[in-house]
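Report on the structure given below.
The values are calculated or read from the model by the stated rules, or taken from the named source; none is laboratory data. Every value quoted in this text rests on a predicted model; they were computed, and no experiment measured them. Heads up, the Cβs are rebuilt from the backbone with ideal geometry, glycines too, and the neighbour counts pull from every protein chain shown. In case anyone asks, the SASA skips ligands and DNA or RNA and just uses the protein heavy atoms, side chains included. Shrake-Rupley method; radii C 1.70, N 1.55, O 1.52, S 1.80 Å.
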Amino acid sequence: MTIFYFVAFLSIFFALMTIFTKNPVHSVLYLVITFATFTVHYILLNAQFLAAVNFIVYMGAIMVLFLFVLMLLNLNKDTEPMRTNLVKIMGVIAGMCLIVTFLGAFRLLESNNEMVQGHENIGLVKNLGKVLFRDFLLPFEISSILLLTAMVGAVLLAKKETRVKQNG
């Protein structure tokens, strides 16, 4: 239980560092660390598939893409737009709505609630694989063919066409 609270503290700390850091590159790096702590939370909650997806998709792909975009944009103080009071007020209102949502969610979390107690087999990759390949085999295969077609199309669009000039 102490591991959970330590990782929760790290999650909150790095999330706050993401928000309050002035340098956008450092902010993205703190966000990567925040997602790493989320992965640890998923493992502690016995949700191995979510941990793997969070690690591969969010930390591995999306955050690296954000980092490259920020580095390519070369953001500095001169290009940052000035924030008006309206934007600040809307941010405070959005923050209050988030706090109200959290308070409502925490009020519903009682230890005797059967949804909170859950089942020990939920979230295991083995059970997900059984359901995926037993009940949803056709949609899974169709989506894999669709992704393969999109990948081949992207390669063909990105490929530069070289023409051979014929003399004559």
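Overview of results
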| item | result |
| --- | --- |
| Criterion (closer than 19 Å to THR18 by Cα and at pLDDT below 80) met by exactly one of LEU124, LEU67 | LEU67 |
| Residue in segment 107-121 that is in a helix (DSSP H, G or I), in contact with an Asp or Glu (Cβ under 8 Å, 6 or more places away or on another chain), open to solvent by less than 90 Å² (accessible area, probe 1.4 Å) and modelled with pLDDT under 80 present | yes |
| Members of segment 71-86 that are modelled with pLDDT of 75 or more and among the hydrophobic types (A, V, I, L, M, F, W, C) | LEU86 |
| Subset of segment 41-56 (residues that are without any contact (Cβ under 8 Å) to a residue 40 or more places away in the chain and open to solvent by less than 60 Å² (accessible area, probe 1.4 Å)) | HIS41, ALA51, VAL53, ASN54 |
| Answer residue from segment 15-40, given it is closer than 15 Å to MET71 by Cβ and of a type outside the set (Val, Ile, Thr) and is surrounded by the most Cβ atoms within 10 Å (Cβ to Cβ) among those | LEU31 |
